[in-house]
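Colleague: Structure incoming, see below.
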Amino acid sequence: MSNLSEFCTCTNFKCPLHPSKHAKGCAPCIQKNLKLHEIPNCFFSLIENSENRSGDSFEDFAELVLKK
């Protein structure tokens with residue numbers, strides 16, 4: 001877990017891109033999300049009940065923000 005940034009809030013430890021699985025920090029996750037036009041999991045964790053979302057798209061994030 002020494003690869004985690006002090007601000008890392010990601011709890012998706014099953015993800016192969018989680019910073020605890022390699023020495024590249026958040027970069028692989030961010031790169032994947034940019035490519036797929038998605039929001040990183042750690043952003044969703046800022047919103048209550050986000051674990052029930054249908055996906056990681058910009059639209060999914062915006063819907064949760066608007067509901068909050």
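Colleague: Nearest 10 degrees is fine. How inclined is helix 27-36 to the longest principal axis of the chain, computing both from alpha carbons?
Modeller: Between the helix axis and the principal axis of the chain, the angle is about 40 degrees.
Colleague: Work out which chymotrypsin sites (Phe, Trp or Tyr not before Pro) in the chain are exposed loop sites (DSSP not H, G, I, E or B, at most 13 other Cβ within 10 Å) and give the longest gap free of them.
Modeller: Working: sites that count: 7, 13.
In the chain, the maximal stretch lacking such sites is 14-68.
Colleague: What accessible area per residue comes out for the chain, rounded to a whole number of Å², with a 1.4 Å probe?
Modeller: 76 Å²
Colleague: Name the trypsin sites (Lys or Arg not before Pro) in region 14-62 that are in a loop by DSSP and that have at most 11 other C-beta atoms within 10 Å, would you?
Modeller: 14
Colleague: Shifting gears a bit: May I ask you to give the percent of accessible area on the chain that is carbon plus sulfur, with a probe radius of 1.4 Å?
Modeller: Accessible surface attributable to carbon and sulfur in the chain totals 58 percent.
Colleague: Nearest 10 degrees is fine. How inclined is helix 58-67 to the longest principal axis of the chain, computing both from alpha carbons?
Modeller: Once rounded, the angle reads 60 degrees.
Colleague: In percent, what relative contact order does the chain have, based on Cα pairs under 8 Å that are 6 or more apart in sequence?
Modeller: So the answer I get is 25 percent.
Colleague: Would you kindly find the accessible area of residue 36, with a 1.4 Å probe and non-protein molecules such as ligands, DNA and RNA excluded, rounding to the nearest 10 Å²?
Modeller: Surface open to solvent at residue 36 totals about 100 Å².
The values are calculated or read from the model by the stated rules, or taken from the named source; none is laboratory data. Keep in mind that this is a model prediction, so the values were computed, not measured. A quick note on method: Cβ atoms are made from the backbone with ideal geometry, for glycine too, and the neighbour counts reach across all protein chains shown. For the accessible areas, the whole protein counts, side chains as well, though only heavy atoms, and no ligand, DNA or RNA atoms are used. Shrake-Rupley method; radii C 1.70, N 1.55, O 1.52, S 1.80 Å.
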